[in-house]
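Quick notes on the structure that follows.
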Amino acid sequence: MTDADTASLTERTRAIVPGGLVAAVHFLKDTAAFVLGEAALLLAAPNREQRRVAIHDGGILAAACDGQRLVTGGDDGKVMATDAGADSTIVAVDPKRRWIDQVAIGSGAVAWSAGRQVFVKTAKSEERTTDVPSSAGGLAFAPKGFRLAIAHYNGATLWFPNAAAAPERLEWKGSHLAVTFSPDGKFLVTAMQEPMLHGWRLADAKHMRMAGYAAKVRSLDWTADGDWLATGGSNQLILWPFAGKDGPLGKMPRMLAPAQGLAVEVACHPRQPVVAVGFADGLVLLVRLDDGAEIVARRPGAAPVSALAWNATGSLLAFGTEDGEAGIVDLG
Amino acid sequence: MTDKIPVTVLTGYLGAGKTTLLNRILSEPHGKKYAVIVNEFGEIGIDNELIVGADEEVFEMNNGCICCTVRGDLIRIIDGLMRRKGKFDAIIVETTGLADPAPVAQTFFVDEAVGRRTRLDAVVAVADAKWLKDRLKDAPEAKNQIAFADVILVNKTDLVTPEELREIEMRVRAINPYARLHRTQRCSVPLGDVLARNAFDLERILDLEPAFLGSDGGAHHPDHGRDGAHAHHHDGMAHYHDEEIQSVSLRTEEPLDPDKFFPWVQDLVAKDGPSILRCKGILAFQGDPQRFVFQGIHMILDGDHQRPWREDEKRESRIVFIGRNLPEENIRRGFAACQV
Ligand SMILES: [Zn+2]
């Protein structure tokens, strides 16, 4: 990849002006939904139309998306779902108007948490709840089976919302935040308050420690083939191998795209072995895993990249920053 | 200086007057908007859009050390509040009467995202004059809060006699010689004495010198008259040595050797960090034209060159440690060995 590639990519970027911090970005079909720090979404449709949709009465604290519905949690105590047509519906309102700290979407269901209480609204609109020992740091639905992972202090909880059985507890000292299942459902990985990841092989709860980071890991994503877990938290892209039955046990990670800034956001291409990496200096790189080649998708700016997402086919890459810059790169 | 949002931590026993002070901060016409993190909803009589309930979740870090703790809920709440940057100028964190201030304070130094966007301004302890004497005897958390504070309001002074007040202040000074101490009724202190103190700012460590240095009757006390309670504390130190929490003040006019000092202080906080609540220092290194300043909480040390020594200024190194059962003789010997 060359400078000419970079020039052509930056030329193919559609600038978006969200007017404030971009907390997250997701694609609803081919419409990029920029989740703003406060109150609204900015929907940027492929026909270049933009719509600002006010959904929360206050800050937006969490967002998750399955490509059809974008679920958000706010400091107004509301859980909202919005589709590509800017149609917003209320999923739930916390009776005590507590902050909705975390949300997740999967299996047609929506999950959210307020402090130590975790809720699920099933595809049949039935609501279930469970308590965890401390505030939920992250939520994730399993890829198969109706099961929710909840990260918290001193471990994670696996909850089957439709089963009467008590939730299963996975223990590991420390504060666990972001959580993700491997696409084959065999591993659960959390990002911790310390600069490290922790993983469990679910078959036998065997522990995996993934350390060596420069900072708290805030972004995790799986490559399309499920063989690698891409992470930020270092001055390069860190990829942990999950192809074998032992996952990264006893293995070293791959390290690509060494850079000046800290890698803060990662998003794996949905079809190809390519990872988009957003850095604290505003740089966005596309990194090809086969040979480590890099293309600059966005040059460094004034603030850290805070949001990064691909559309389902991988033809569009959307990014946003903490100081409210954003864009959509057309790779099609 | 920076556009980091200042954070004031309010500690104090239930009923000491924390809520009174909070309501004053929120209601006085100072033109500033505050986001407030509280433990008890409903106590605040003021309508404020940005009031957040917290759970005081104290998390140990993975190294398993008992003093290396942060407030997990605070990390999450501050991250959430920063989504609404521009809607408030400062943050106030109210803790419960039983809370240890250290995990709150350490959060601002341990969590990178919190430290990048906010800065700890000061820890303010509100104490009820009438009850303080007893609380210092029977409640370790009360003593902890006094020892940790940058600003102490001895409140409800109308409920005690002048003699009792003097004794209370001496006890407070014996625990914490360098905090700013204010006598108040209904927390009626100018808010500038509580807010925007820059107590953790290395650039401003000079401003703390008067209170900070007075403990051993040192030579120069610029700006001494500002604090009414101040004048009492020299003899206070002589009479009330708190048996458990004490301060150790060190000073020398001999230049220090940085290659001896840094290993010594790092080793000291690594070993005695759980006992050391706070420390602060201004250092004169051999051949260094700049003042070096540092401050710390338990095992966390934060230090930097501050500014050139002035011509008219005595090149003197000064350190104070406040802690529980400090190994004073060890500390003194270790410090003396750092001199060139
Ligand atoms: Zn410690």
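The values are calculated or read from the model by the stated rules, or taken from the named source; none is laboratory data. Predicted model, so just to flag it, every value in this text is computed and none were measured. With ideal geometry, Cβ positions are generated from the backbone for all residues, glycine too; neighbour counts draw on all protein chains shown. With ligands, DNA and RNA removed, areas are computed over all heavy atoms of the protein, side chains included. Shrake-Rupley method; radii C 1.70, N 1.55, O 1.52, S 1.80 Å.
For the pair B:GLU203 and B:GLU112 in one chain, pulling the backbone fully straight at 0.36 nm per residue adds 30.7 nm over the alpha carbon distance. A:ALA203 sits among other residues whose Cβ lies under 9 Å from its own Cβ, and their net charge, with Lys and Arg +1 and Asp and Glu -1, is +3. Amide hydrogen proximity for A:LEU28: with H placed 1.01 Å from N in the peptide plane, the residues at 5 or more positions away or on another chain lying under 5 Å are A:ALA33. Relative to the longest principal axis of the Cα atoms of chain B, the long axis of helix B:258-272 lies at roughly 50 degrees. I want to verify a result. In a Gaussian network model of chain B, Cα cutoff 10 Å, which of these has the top mean-square fluctuation: B:ARG171, B:ARG278, B:ARG117? It is B:ARG117. Couplings 3J(HN,Hα) for segment A:55-65, derived from phi with the Karplus relation 6.51 cos²θ - 1.76 cosθ + 1.60 (θ = phi - 60°), are 10, 10, 9, x, x, 9, 9, 7, 8, 8, 8 Hz, where x marks Gly and Pro. Using the beta-carbon distance between B:LYS260 and A:THR89 and R0 = 56 Å, what value does 1/(1 + (r/R0)^6) give for FRET efficiency, to the nearest 0.05? Given R0 = 56 Å and the Cβ-Cβ separation, E is 0.25. Using a cut-off of 20 Å between Cα atoms, the listed pairs A:LYS144/A:LYS245; A:LYS121/A:LYS216; A:LYS173/A:LYS206; A:LYS206/A:LYS251; B:LYS18/B:LYS156; B:LYS4/B:LYS143 include A:LYS121/A:LYS216; B:LYS4/B:LYS143 as exceeding that distance. Hey, how much of the P(r) for chain A falls beyond 36 Å, as a percent of Cα pairs? Here the long-distance tail beyond 36 Å is 14 percent of all Cα pairs in chain A.
Between segment B:248-322 and segment A:73-108, the alpha-carbon centres lie 51 Å apart.
Judged by a Cβ-Cβ distance under 4.7 Å, the unpaired cysteines of chain B are B:CYS67, B:CYS187, B:CYS279, B:CYS338. Sequence-ordered 3J(HN,Hα) estimates for segment B:183-195 from the Karplus curve with 6.51, -1.76 and 1.60 and θ = phi - 60° stand at 8, 9, 10, 6, 6, 7, 10, x, 5, x, 7, 10, 9 Hz, glycine and proline given as x. For B:ILE51, nonlocal amide neighbours, meaning residues 5 or more places apart or on other chains whose placed amide H falls under 5 Å from its own, are B:VAL36. With Cα atoms as the point set, chain B shows a radius of gyration and Dmax of 19.5, 59 Å.
Heavy-atom accessible surface of segment B:5-212, averaged per residue, reaches 35 Å², computed with a 1.4 Å probe. The angle between the Cα long axis of helix B:129-138 and the longest principal axis of the Cα atoms of chain B comes to about 60 degrees, rounded to the nearest 10.
Across the residues of B:323-333, average count of Cβ atoms on other protein chains within 10 Å? Let's see the in-between values first.
Numbers: counts 0, 0, 0, 0, 0, 0, 0, 0, 0, 0, 0.
The mean count of partner-chain Cβ atoms within 10 Å per residue comes to 0.
The alpha carbon centroids of segment B:156-170 and segment B:70-126 are separated by 32 Å. The mean sequence distance of close C-alpha pairs (under 8 Å, at least 6 residues apart), as a share of the length of chain A, puts its relative contact order at 14 percent. In this calculation the C-beta distance from A:GLU127 to B:ASN330 is compared with R0 = 60 Å, giving a FRET efficiency of 0.50. Of all DSSP beta bridges confined to chain B, the antiparallel ones make up roughly 50%. Report the Rg/Rh value for the protein assembly as shown, based on alpha-carbon coordinates and the Kirkwood definition of Rh. Here Rg/Rh amounts to 1.00.
Residues whose amide H comes within less than 5 Å of that of B:TRP309, counting only those at least five positions distant or on another chain, are B:GLN290, B:ARG291 (H built at 1.01 Å from N in the peptide plane). Computed over neighbours whose Cβ is under 13 Å from that of A:HIS56, the net charge equals 0, Lys and Arg +1, Asp and Glu -1. Per-residue 3J(HN,Hα) values for segment A:6-13, derived from phi via the Karplus relation 6.51 cos²θ - 1.76 cosθ + 1.60 with θ = phi - 60°, read 4, 4, 5, 5, 5, 5, 8, 9 Hz in sequence order (x marks Gly and Pro). Computed over neighbours whose Cβ is under 13 Å from that of B:SER275, the net charge equals 0, Lys and Arg +1, Asp and Glu -1.
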